[in-house]
Amino acid sequence: MTQAHLERGGTVLATYRNALPESLSRLEDNYPKRLIPIRFDQQQTLTSDEIAQYVPGPLDVIVHNAGVYGPRNSSLEGLDYTGILNTFDTNTLGVLRVSEAFLPFMKDAANPKIAAISSLLGTPAKAGPNDMAYRLSKAALNMAMHVMAANVAPQKIATACLRPGHVRTDMGGPNGAISPDESASALLTVIDQMTFSAKPVFLDLTGEPLAW
Ligand SMILES: NC(=O)c1ccc[n+]([C@@H]2O[C@H](COP(=O)([O-])OP(=O)(O)OC[C@H]3O[C@@H](n4cnc5c(N)ncnc54)[C@H](OP(=O)(O)O)[C@@H]3O)[C@@H](O)[C@H]2O)c1
């Protein structure tokens with residue numbers, strides 16, 4: 001998504017949490033000043049003051065993409081409670097931390113938007129016996145986006161949870177249905193088409209609405 005938005009002339013503040021990934025380093029070389037890397041682990045708190053130096057102007061869109069799958073389980077026996085909390089910390093609280101830090105910079109944006117990459121696995125309709133940590137964290141993320149939407153509605157900020165499809169990433173594995181490029185390009189189109197409503201929408205990567 002970062003690369004696609006840079007290619008069409010946009011500016012991206014891209015976060016990473018360990019060493020600067022080779023992919024971001026390459027983009028920084030190719031798009032100096034328009035790719036702004038920020039080192040940040042979203043399990044930690046970030047203040048607006050800390051990022052002010054990086055933000056070049058009004059922020060149009062926040063995309064919450066970082067996430068972990070957490071411990072996998074196939075029954076209720078031996079649940080890894082620490083692992084579940086850790087997953088919740090990144091996938092749910094991390095989204096709130098990032099939003100809180102970056103929201104002040106959306107003040108002067110023309111069509112501000114917040115999009116969180118969620119999953120059908122966080123919906124009751126798709127509940128199964130496995131993967132408690134991930135399911136809980138994405139269900140809570142969806143609710144967090146509802147609460148956030150109610151808070152930012154006066155600022156006319158559009159909010160959405162998006163399903164990226166089953167993508168061939170580290171998390172999705174090699175048997176995913178689509179490539180990261182295909183998913184990113186489709187998600188960017190969906191984000192472009194987001195318009196303000198008082199409540200968040202839950203959309204497939206085709207732009208079709210999904211049931212919460
Ligand atoms: N792949 C799928 O099929 C699929 C399906 C539905 C939803 N999703 C969602 O799509 C999003 C992207 O997933 P992905 O498939 O690209 O997963 P991935 O390959 O595992 O990549 C996850 C990314 O999140 C970063 N991250 C994890 N914890 C972080 C933290 N505490 N602070 C900052 N960054 C952190 C990782 O950084 P490091 O490189 O430093 O580890 C990595 O860059 C996630 O929200 C995921 O839940 C994916």
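The values are calculated or read from the model by the stated rules, or taken from the named source; none is laboratory data. Note that the structure is predicted; figures quoted are calculated from it, not measured. Here Cβ is always computed from backbone atoms with ideal geometry, including for glycine, and neighbour counts include all displayed protein chains.
Observations
- Flag if residue 12 is within 30 Å of residue 135 (Cα to Cα), touching a Phe, Trp or Tyr at 6+ places or on another chain (Cβ under 9 Å) and more than 14 Å from the ligand (Cβ to nearest atom): yes
- The residues of the range 34-51 that are out of contact with any strand residue (DSSP E or B) (no Cβ under 8 Å at 6 or more places or on another chain) and touching a residue at least 12 places away in the same chain (Cβ under 8 Å), listed by number, are 41, 43, 44, 45, 46, 47, 48, 50.
- Residue 11, sole failed condition from (1) closer than 20 Å to residue 169 by Cβ; (2) surrounded by 12 or more Cβ atoms within 10 Å (Cβ to Cβ); (3) among the polar types (S, T, N, Q): (1)
- Of all residues in the range 34-48, those satisfying the criterion of being near the ligand (Cβ under 6 Å from one of its atoms) and out of contact with any Asp or Glu (no Cβ under 7 Å at 6 or more places or on another chain) are 41, 42.
- Scan of the range 171-180 for residues that are more than 16 Å from the chain's Cα centre (by Cα) and without any contact (Cβ under 8 Å) to a residue 12 or more places away in the chain, ordered by number: 173, 174, 175, 176
- Of all the numbered requirements in (1) away from the ligand (no atom under 15 Å from the Cβ); (2) surrounded by 17 or more Cβ atoms within 10 Å (Cβ to Cβ), residue 74 misses one, and that requirement is (2).
- For the range 29-40, the candidate set comprises residues that are of a type in the set (D, E, K, R) and over 21 Å from the mean Cα position of the chain (by Cα); within that set, the residue that is modelled with the lowest pLDDT is 33.
- Residues of the range 16-32 satisfying the condition of being in contact (Cβ under 8 Å) with a residue 12 or more places away in the chain and either more than 15 Å from the ligand (Cβ to nearest atom) or closer than 13 Å to residue 97 by Cα (or both): 30, 31
- Of all the numbered requirements in (1) within 14 Å of the ligand (Cβ to nearest atom); (2) within 24 Å of residue 188 (Cα to Cα), residue 61 misses one, and that requirement is (1).
- Hits in the range 187-212 (condition: among the polar types (S, T, N, Q) and in contact (Cβ under 8 Å) with a residue 24 or more places away in the chain): 195, 197
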